[in-house]
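Heads up, the thing below is written out as structure tokens.
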Amino acid sequence: MRLLADLVLTPDGWRRDVAVTVTGGRIAALEPPSASRAGDVVLRGRGLLPGTINAHCHTFQSLLRGLGDDLDFAGWRDRVLYPFSERLDRDGIALGAAFAFAEMLRSGVTTCVDFFYLNDAGNDNALAVIGAARMVGIRLVLARTMYDWEGAPKRYRETPVEAARRVRELIAAHRGDPTVDVHAAPHSPHGASPAMIRAGWEVAEAEHVPMHVHVAEGRYEGEGTLREHGATPVRHLDRLGVLGTRTIAVHAVWLDDEEIALMGKRRAGLAYCPSSNMFLGDGVTRLPELLRAGVRAGLGTDGGCTNNRLSVFEEMRMASLLQRVRLLDGGALPATTTFALGTESAAAILGVDAGRIEPGRLADLVAVDLGHPSLHPPTNLLANIVFAMSPQAITDVWVHGERVVDEGRLTRLSQDELVARVAALTRDWRV
Ligand SMILES: [Zn+2]
């Protein structure tokens, strides 16, 4: 298959008159379009971009959207997250995942990390999420959570030994899978004991996968970790020996200067979720300082009830604006840096071969309507995509070379049916 768009965003910038050849789910070549061939997909008036990568999400939370929008974190967790996540059986989990994946695809997300913790002491629920990703057609990183804090609902909890065994089984079952990766994810310094966090690290080391962990999201967490373990969250992870290139720290809002330097020194990764941090009133991660220290970063939406949109283009805009206002500097996070955070930089920390349109990479692509008013005037098209683009400008999406959104419509399933099922499931839900 060849995709012929008016403009293609390559590592060398925008190019005209270039055909993108796709074979076996990957980009095989970028070449001048010769005479038309059978199987050519002509995208007139379209620009082709790498698909975006959502480095942190909890898909089932899309079903909880609107239930606790004006609560603080503790209120949201105790009155919304815990009680309503208890209502979801395996079908509900799969429905929530499909609902979230569908929204993401239509927003130009081609890879999603689902940090998944409704495990019910097994892997069947995680497998239901994986099944939903296959059905909708999105690339999935299932960050299989390991949780043992006794204050959380029982269905989240396991012992370190059980959790480690199950994560390894799930990784083994999906090794070599073309569209699904499984990573280890001890929940956080407050949700996982030192033994659990160590167990997560050991699985990640043995299986050569990243380790995701929530870190320093709220101020209370730093105070709690200091009280319980005698160290602030990043120092706590470092003392446990789990801060390294495999680590993907989620949020990292409340770090002191030494912790920022430490994350950089260890070449740790960051999944930065600006909208969620604003929505919950968490604070502002010092992203430019972390990047300067050597931290590698991607952008995440977090769950659908703490954002409440699932668009990485939106996170690009929010990331940049938030740093500008924090630092009182309009140049604090330029469009090109921000775009990379939502594409190739996130791909790099996840070890997913996507995020750039070049031969050898996965064919995960987004087409935008170059005639859409939100992209005009096209003086600086990339900046328009980051700061101005309306979601309606996103027309088509390919994952692993398959067109999963066609002229704004999902190709694998009916959006109307999906919405009707979500409405039926949540009809009586009130806080
Ligand atoms: Zn999270």
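The values are calculated or read from the model by the stated rules, or taken from the named source; none is laboratory data. As the structure is a computational prediction, the values presented were derived from the model and not from experiment. All Cβ positions, glycine included, derive from the backbone under ideal geometry; neighbour counts span all protein chains shown. With ligands, DNA and RNA removed, areas are computed over all heavy atoms of the protein, side chains included. Shrake-Rupley method; radii C 1.70, N 1.55, O 1.52, S 1.80 Å.
Against the chain, whose longest principal axis comes from its Cα atoms, helix 415-425 is set at around 20 degrees.
Computed over the chain, the per-residue total of -39500 (n - 2.57) for DSSP H runs of n ≥ 4 gives a 222 nm mean residue ellipticity of -10500 deg cm²/dmol, rounded to 500. Build a GNM of the chain with springs between Cα atoms under 10 Å apart, and of 92, 13, 218 the one that fluctuates most is 13. Seen against the Cα atoms of the chain and their longest principal axis, helix 160-173 is set at about 20 degrees. When only alpha carbons are used to place a centre, segment 356-431 and segment 256-294 end up 28 Å from one another. I want to make sure I understand the PRE zone here: with the label point 7 angstrom from the Cα of residue 257 toward its beta carbon, which residues in segment 277-297 have backbone N atoms less than 17 Å away? Those under the cut-off are 286-294. Just the protein heavy atoms count here, and of the accessible area of segment 56-203 at 1.4 Å, carbon and sulfur take up 49 percent. Calculated accessible area for the chain comes out at 38 Å² per residue, all protein chains present (probe 1.4 Å; ligands, DNA, RNA ignored). Comparing 259, 158, 150 in a Gaussian network model of the chain, where Cα atoms under 10 Å apart are tied by springs, the biggest mean-square fluctuation is seen for 150. Computed over protein heavy atoms with a 1.4 Å probe, the carbon and sulfur contribution to the accessible area of segment 345-413 reaches 50%.
Once the Cα atoms are used to define both axes, helix 312-327 deviates from the longest principal axis of the chain by about 60 degrees.
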